[in-house]
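Scroll down for the structure; my scribbles are underneath it.
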Amino acid sequence: MSDVAFDVDLDAFAANLRAIRERVAPAEHMLVVKDDAYRHGLEAIVRRAVAEGITWIGALDVVTGAAARAVAGDSARIFAWLVDGADDIAEAVDAHLDIGVGTEALLEGVAAGAAAAETTALVHLKIDTGLHRNGVRPERWQAFVARASELEQAGSIRVMGIWTHIAEASDDDDDAQRAVYDAAVAQAREAGLAPEFFHVAASAAAFARPEFRYNMVRIGAFAYGIRSADGPSESELGLRVVGALRSRVLRVARAGISVAGGYTAGLPSTAAGSLSVQTPAGRSELTAVRADTSSLAPWPEAAVGDEITLWGGTGESATALGERLGTIGEEIVLRLSREVPRRYLG
Ligand SMILES: *Cc1c(COP(=O)(O)O)cnc(C)c1O
């Protein structure tokens, strides 16, 4: 067995899906699985999610969307919003993805791709409500929805949803973005469109601000038990940490204990001095991070082979470490090397 592994507790994940469902109902939970399901492993996560009744999956890119389709079959709808170029469009149409469309050029491209494949593409139009991260600006929105309506009547697209991404920065900024969104939905309806899905919020806003839920929320981080930095605790949110970075003791010396796993595994070298690691005898301080190994302060009766938790699980969370390093939990998790094997529990 490898000396470093990322353990993924699928029962904890399933419990989070239930907690999210209770929290956001009647809005639907689109489970976001970008970045290999936040490094928890796309295949196992999608399989369990579908078994737990998830019917929408948010993929980000088309490669991830097609991979999710291969696992989920027809039991889920899959949304991809990073779609670029004719090949990407053809693949998205072929995999029956719901496509997020945030530019005029992509709208035309998707319609042309669907016409070529003699099918109707499912699209969700994206309004830029202020984040300037892709999306059609409000001053161009009316023309955009008018064109979408024409293409819908021609049969090449069907507008399934209207969406945006909000900053989740301050309540006031988010409220301003919501007003822009509501106006955009009204304009889409005036243009003759009849979208069914309205989605704005990611984890934090979906939990904290009911008025941002509409009828669907796109939640990634919270499903994996990755809370927001400087936000409510996991227990306050009713969530469990799903992943744990585990390692083993390699050498015991009076001065310190050498364990497997260093920055090549994805442990930030700046974590030295900022992280308490879970050992069989309680917490011990991480004192150094090297390429393939790290050092811990010694504890009594430490033995080669002892299993420790670097972060996650019953140790400190990725977000707690992130807070100390001035970043967010996602960044700690996404540093995990793909070389570190996943082990699934549950
Ligand atoms: C990543 C992402 C989400 C999920 O965000 P979390 O904070 O992880 O829940 C939702 N929507 C979009 C567009 C995203 O890129």
*Considering the zone a paramagnetic label at A86 would reach in this model (a point 7 Å from Cα along the Cα-to-Cβ line), which residues of segment 95-116 have amide N under 15 Å from it?*
106, 108-116
_Selected from L334, G282, G322, residue furthest toward positive end of dipole (segment 257-346; charges at beta carbon)_ = L334
_Rh (Kirkwood; distinct C-alpha pairs) - segment 267-308, Å_ = 10.6
*asked:* With unit charges on the beta carbons (Lys and Arg positive, Asp and Glu negative) and the dipole taken about the Cα centre of segment 157-235, which residue among Y224, V180, S203 sits farthest to the positive side?
replied: Y224
*With Cα atoms, 0 to 90° folded angle of helix 42-51 axis to the chain main axis*: 70
*trypsin sites (Lys or Arg not before Pro) lying in DSSP loop within segment 200-239, provided at most 10 other Cβ fall within 10 Å*: none
*Loop-located GluC sites (Glu not before Pro) in segment 123-221, at most 12 other Cβ atoms within 10 Å (DSSP)*: E196
*Electrostatic dipole magnitude of the chain [Cβ: Lys, Arg +1; Asp, Glu -1; Cα centre; debye, to 20]*: 880
_Taking the Cα centre as origin and putting +1 on Lys and Arg beta-carbons and -1 on Asp and Glu beta-carbons, what dipole magnitude results for segment 154-310, to the nearest 20 debye?_
720
_Between segment 4-68 and segment 285-346, how far is it from one alpha carbon centroid to the other, in angstrom?_
23
*Quick one: check the C-alpha center-to-center distance for segment 140-159 versus segment 192-260, whole angstrom.*
36
*What does the accessible area per residue of segment 149-284 come to in Å², with a 1.4 Å probe and no ligands, DNA or RNA counted?*
40
_At R0 = 35 Å, FRET efficiency that the Cβ-Cβ distance of L131 and A272 yields, to 0.05_ = 0.50
*Would you mind checking which residues have amide H under 5 Å from G100's amide H? H placed 1.01 Å from N; only 5 or more apart, or other chain.*
A80, W81, H124
*Go through A76, V159, W141 and say which Cα lies farthest out towards the positive end of the charge dipole of the chain; charges sit on Cβ, +1 for Lys and Arg, -1 for Asp and Glu.*
A76
_Charges at C-beta only: +1 for Lys and Arg, -1 for Asp and Glu. How large is the resulting dipole of segment 21-96 about its Cα centre, in Debye rounded to 20?_
440
*What FRET efficiency comes out for the pair A253/E43, r = Cβ-Cβ distance, R0 = 45 Å, nearest 0.05?*
0.65
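The values are calculated or read from the model by the stated rules, or taken from the named source; none is laboratory data. Only a predicted model underlies this, so the values are computations on that prediction, with no experimental measurement involved. Glycine also receives a Cβ, built like all others from the backbone with ideal geometry; neighbour counts cover every protein chain displayed. Ligands, DNA and RNA are excluded from the accessible area calculation, which covers all protein heavy atoms including side chains. Shrake-Rupley method; radii C 1.70, N 1.55, O 1.52, S 1.80 Å.
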